[in-house]
1. Taking the options Val99, Val77, Val49, name whichever one is buried (at least 19 other Cβ atoms within 10 Å of the Cβ), touching a Ser or Thr at 6+ places or on another chain (Cβ under 6 Å) and of a type outside the set (Lys, Arg).
2. Look at the stretch 5-32 and say how many of its residues are assigned to a strand (DSSP E or B), open to solvent by 10 Å² or more (accessible area, probe 1.4 Å) and in contact (Cβ under 8 Å) with a residue 60 or more places away in the chain.
3. Among the numbered conditions (1) among the aliphatic types (A, V, I, L, M); (2) more than 22 Å from Lys13 (Cα to Cα); (3) open to solvent by 70 Å² or more (accessible area, probe 1.4 Å); (4) under 13 Å from the mean Cα position of the chain (by Cα), tell me where Ala66 comes up short.
4. Just to verify a result, which residue in the stretch 98-108, among those that are in a loop (DSSP other than H, G, I, E, B) and not polar (S, T, N, Q), is nearest to Ala32 (Cα to Cα)?
5. Please name all residue pairs, on different chains or six or more residues apart, with Cβ atoms under 7 Å, provided the first residue is in the stretch 103-130 and is open to solvent by 50 Å² or more (accessible area, probe 1.4 Å) and the second residue is among the acidic types (Asp, Glu).
6. Can you name the condition, by its number, that Gly43 falls short on among (1) in a helix (DSSP H, G or I); (2) at pLDDT 95 or above; (3) open to solvent by 30 Å² or more (accessible area, probe 1.4 Å)?
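The values are calculated or read from the model by the stated rules, or taken from the named source; none is laboratory data. Predicted model, so just to flag it, every value in this text is computed and none were measured. All Cβ positions, glycine included, derive from the backbone under ideal geometry; neighbour counts span all protein chains shown. Remember, those area values only see protein heavy atoms, side chains included, never the ligands or the DNA or RNA. Shrake-Rupley method; radii C 1.70, N 1.55, O 1.52, S 1.80 Å.
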Amino acid sequence: MYGDTATVRRILKDSGDTWAVVGLSNNTARAAYGVAEVLRRFGKRVVPVHPKAEAVAGEQGYASLADVPFPVDVVDVFVNSALAGQVADEAVGIGAKAVWFQLGVVDEAAYDRTRAAGVEMVMDRCPAIEIPQLA
């Protein structure tokens, strides 16, 4: 696992409450939808980022991270590992404080680049599993 318990805690508690969830749409069968629900329940503002740019749970969606017109604290990544590194690079580019790759999303080079840029990162973990343990 990439991201120790202290890093997980810092991201969930101290990095801010605006989370862009890349891959989030209105498809309730997708994992991103359920994780977004948990994040909202714990007080996070969840911003959908998906090529469709559809609103989810009343929050305006955006086609890319660059399209989000306000600061994003954490970027939660629900794309496959082959695409995740580009998303991590975009997250660094927009000034996100942290990047979170979901369970099964692994890109060691992206992890190293993101950390080298001074951005906190967790990889191959799920905030919906971790956040209730902190409450």
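1. Working: Val77 fails: touching a Ser or Thr at 6+ places or on another chain (Cβ under 6 Å); Val49 fails: touching a Ser or Thr at 6+ places or on another chain (Cβ under 6 Å).
That would be Val99, the only listed residue that is buried (at least 19 other Cβ atoms within 10 Å of the Cβ), touching a Ser or Thr at 6+ places or on another chain (Cβ under 6 Å) and of a type outside the set (Lys, Arg).
2. Step one: list which residues in the stretch 5-32 are assigned to a strand (DSSP E or B), which gives 18-22.
Those left that are additionally open to solvent by 10 Å² or more (accessible area, probe 1.4 Å): 18, 22.
Checking the rest, the ones that are also in contact (Cβ under 8 Å) with a residue 60 or more places away in the chain come to 22.
Adding up the residues that qualify gives 1.
3. The one condition Ala66 does not meet is (4).
4. Let us first name the residues in the stretch 98-108 that are in a loop (DSSP other than H, G, I, E, B), namely 102-107.
So of that shortlist, the ones also not polar (S, T, N, Q) come out as 103-107.
Numbers: Leu103: 11, Gly104: 13, Val105: 13, Val106: 16, Asp107: 19 Å.
Per the criteria, the residue is Leu103.
5. Leu103/Asp124; Gly104/Asp124; Val106/Asp124; Arg113/Asp89
6. Result: Gly43 fails condition (1) only.
The rows are residues; the columns are (1) under 15 Å from Glu130 (Cβ atoms); (2) touching a Lys or Arg at 6+ places or on another chain (Cβ under 8 Å); (3) modelled with pLDDT of 95 or more; (4) assigned to a loop (DSSP other than H, G, I, E, B).
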| position | (1), (2), (3), (4) |
| --- | --- |
| Lys52 | no, no, no, yes |
| Asp76 | yes, no, yes, no |
| Gly85 | no, yes, yes, no |
| Ala88 | no, yes, yes, no |
| Ala96 | no, no, yes, yes |
